[in-house]
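**Q** This structure is in structure tokens; I'll ask about it shortly.
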Amino acid sequence: MTKVLILYHSSYGHIERMAKAVAEGATEAGAEVAIRRVPELMTEENARRAGMKWQQDAQLARVEELTEYDAIIVGTPTRFGNMAAQMRNFWDMTGPLWTKGALVGKIGSVFTSTATGGGNEVTILTVIPTLLHHGMIYVGVPYSVGELLDISEVRGGSPYGAATMAGGDGSRQPSTKELAIAKAQGRRVAEVAAKLKS
């Protein structure tokens, strides 16, 4: 069975919700799915003061477990057009895996959350070089996913990966269309990973 890891950081719950939709799609495609979150760098006191969602269901990820999966789908909020420091810190610890080529040939994919849509695509693009340096194969979301062509409402998401817009105060939750794109991304990654594995 194809094994897919959803590896995420979520400050306010938007990426956490998207991760569950990505996992749903990958599961429907027949994959065994694990959802893990990267460690928080802020103290609990500071995180709570900032209004962050401290309690989340997902277990903390360990760098060494990345080798156990056929595909890794990364979820990170934007931080001024870049991946969040928590996600960057996690990947900065993967040097020993890079040295051994432990992730070469695995599938990589990325989804994100932004306040206004600014950084929607570029945040994903900040993660892709890390995946490529590890020798991973990037899979995005094709325009055959109908929601990508639907401009009847404001939404995140592009061929680079699923996305949501949280609003400046974080009050907007992922829309039905954004979750559909996330689910389609999970399904596509699982399908491609299964084909490469066979």
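Bear in mind these aren't lab numbers, they're just calculated from the coordinates by the rules spelled out. None of the values given here were measured: they were computed from a predicted structure. No Cβ is skipped: glycine too gets one built from the backbone with ideal geometry, and neighbour counts run over all protein chains shown.
**Q** Could you give me the percent of Cα pairs per 10 Å distance bin for region 1-102, shortest bin first, beginning at zero and ending with the bin that holds the maximum distance?
**A** 15, 46, 32, 8, 0
**Q** Residue 137 to residue 43: extension gain in nm, 0.36 nm per residue of separation minus the Cα-Cα distance?
**A** On the way: separation 94, 0.36 × 94 = 33.84 nm, distance 3.48 nm.
The span from residue 137 to residue 43 would gain 30.4 nm if fully extended.
**Q** Separate question: Just add up the charged neighbours of residue 138: K/R +1, D/E -1, any other residue whose Cβ is under 13 Å from the Cβ of residue 138. Don't skip to the answer; put the middle values down first.
**A** Values: positive: 106, 188; negative: none.
Surrounding charge for residue 138 is +2.
**Q** Listing 195, 3 from the residue with the fewest other Cβ atoms within 10 Å to the one with the most, what is the order?
**A** 195, 3
**Q** Let me ask another. Fewest Cβ neighbours within 10 Å first, please rank 80, 90, 111 accordingly. Walk me through the numbers on the way to the answer.
**A** Working: 80 8, 90 25, 111 31.
Ordered by Cβ neighbours within 10 Å, fewest first: 80, 90, 111.
**Q** Keeping to pairs on different chains or 8 or more places apart, tell me how many lysine pairs in region 3-197 have Cα atoms under 29 Å apart.
**A** Value for region 3-197: 25.
**Q** Would you mind counting up the charge near residue 14? Only other residues with Cβ under 14 Å from its Cβ, with Lys and Arg at +1 and Asp and Glu at -1. Write down the numbers at each step before the final one.
**A** Numbers: positive: 17, 20, 37, 53, 79, 155, 172; negative: 16, 169, 178.
Here the charged neighbours net out to +4.
**Q** Order by neighbour count: 175, 113, 152, fewest other Cβ atoms within 10 Å first, most last. Intermediate values should be presented prior to the final figure.
**A** On the way: 175 17, 113 32, 152 6.
With the fewest neighbours first, 175, 113, 152 line up as 152, 175, 113.
**Q** I'd like to know which of 157, 109, 8 lies farthest towards the positive end of the charge dipole of the chain, counting +1 on Cβ of Lys and Arg and -1 on Cβ of Asp and Glu.
**A** Selected residue: 109.
**Q** Then there is this: Between rounded, prolate and oblate, where does region 49-150 land on the alpha carbon gyration tensor, with a ≥ b ≥ c its root eigenvalues, rounded for a/c under 1.5, else prolate if a/b exceeds b/c?
**A** Numbers: a/c = 1.76, a/b = 1.17, b/c = 1.50.
Note, shape of region 49-150 comes out oblate.
**Q** Turning to a different aspect of this structure: Note down the Stokes-Einstein diffusion coefficient of the chain in µm²/s, whole number, using a Kirkwood radius over alpha carbon pairs, 4 °C, and 1.567 mPa s. Show your work: numbers first, answer last.
**A** On the way: Rh = 16.5 Å.
Approximately 79 µm²/s, per Stokes-Einstein.
**Q** Now for a different question. Determine the dipole magnitude for the chain: charges of +1 sit on the beta-carbon of Lys and Arg, -1 on that of Asp and Glu, nothing else is charged, the reference point is the Cα centre, and the result goes in debye to the nearest 20. Can you show the working numbers first?
**A** Numbers: 21 positive and 20 negative charges, 28 e Å.
With Lys and Arg at +1 and Asp and Glu at -1, about 140 debye.
**Q** Shifting gears a bit: Please list 3J(HN,Hα) in residue order for region 109-114, calculated via the Karplus relation 6.51 cos²θ - 1.76 cosθ + 1.60 where θ = phi - 60°; whole Hz, with x for glycine and proline.
**A** Result, rounded to whole Hz: 7, 9, 9, 8, 9, 10.
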